[in-house]
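Just below is one structure, and these are the notes that go with it.
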Amino acid sequence: MKQSAEEKILEAAREVFMNKGFAAARMQEIADQAEINKGLLHYYYRSKDKLFRAVFDEAFAKFASGINQVFEAEIPLFEKIEQFVDRYMGLLIKNPGMPGFVVSELNQKGAAFAEELLSRKERPNPIPLVMQIQEEVAQGNIKPVNPSGLVLNLLSLCVFPFLVRPMFRGMMQISEPMYDKLMEERTREVAEFVISAIKKD
């Protein structure tokens with residue numbers, strides 16, 4: 001089926017934002033990738049911010065749906081942690097500009113942006129994971145841990161490398177492809193690190 005102009009724009013924007021990041025992406029480049037003129041691009045999306053928001057909204061909805069399947073799955077806790085990290089890191093690798101966009105929106109709009117995200121029908125709901133952690137602690141299967149703190153650690157370990165990507169690359173003098181490979185390796189390492197921290201000896 002033939003793509004509409006808007007579908008072509010969104011597909012092109014996803015690719016350009018993924019490869020260049022939000023700051024380095026240019027509207028002309030997105031128009032060229034979509035094989036349309038810049039005027040038509042601006043007809044649909046008046047600014048790069050609005051276009052990125054459209055890409056973000058689509059990615060966020062898909063992520064929320066997928067990650068809730070993990071949260072609600074009746075599987076062992078360690079397997080759930082592995083699947084969570086795999087899906088979350090996978091989203092960030094495909095959308096490296098997303099964490100920076102979220103931080104920027106939070107800085108500009110504060111709690112209103114967070115409330116807008118959390119009011120959506122499709123939003124992450126980690127409560128089943130929190131309850132499972134509580135049960136595992138109560139049964140003595142894992143070390144005593146604050147469930148909210150564990151979820152925060154998981155999020156932080158996944159997100160932080162994408163927020164500091166330019167600075168860390170500069171300090172370590174590594175290329176974009178090398179950093180991408182590092183993130184792919186980190187997907188496994190984060191899950192192993194967290195599981196090792198809570199596993200009983």
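The values are calculated or read from the model by the stated rules, or taken from the named source; none is laboratory data. Note that the coordinates shown come from a computational prediction; the quantities given were computed from them, not determined experimentally. Here the Cβ is made from the backbone with ideal geometry for all residues, glycine too, and neighbour counts use every protein chain on show.
General observations
- Helices (runs of 4 or more DSSP H) fully within segment 115-201 counting 1 or more residues that are farther than 28 Å from Ser104 by Cα: 127-138, 176-198
- Of the residues making up segment 1-31, just one is free of Cβ contacts under 8 Å to residues at least 12 places away in the same chain and of a type in the set (Asp, Glu), namely Glu7.
- Residue list for segment 23-48, filter: surrounded by 13 or more Cβ atoms within 10 Å (Cβ to Cβ), under 26 Å from the mean Cα position of the chain (by Cα) and at pLDDT 90 or above: Met27, Glu29, Ile30, Ala31, Gln33, Ala34, Leu41, Tyr44, Tyr45, Lys48
- Condition met for Asp180 (under 17 Å from the mean Cα position of the chain (by Cα) and either charged (D, E, K, R) or not assigned by TED's automatic domain parsing to the domain that holds Phe60 (or both)): yes
- Any hit, segment 136-143, residues being over 18 Å from Glu74 (Cβ atoms), modelled with pLDDT of 95 or more, exposed (fewer than 12 other Cβ atoms within 10 Å of the Cβ) and not hydrophobic (A, V, I, L, M, F, W, C): yes
- Residue match in segment 64-73 (condition: within 30 Å of Ile142 (Cα to Cα) and more than 17 Å from the chain's Cα centre (by Cα)): yes
- Residues that are in the same structural domain as Val194 (by TED's automatic domain parsing), touching a Pro at 6+ places or on another chain (Cβ under 7 Å), among the aliphatic types (A, V, I, L, M) and at pLDDT 90 or above do not occur anywhere in segment 72-92.
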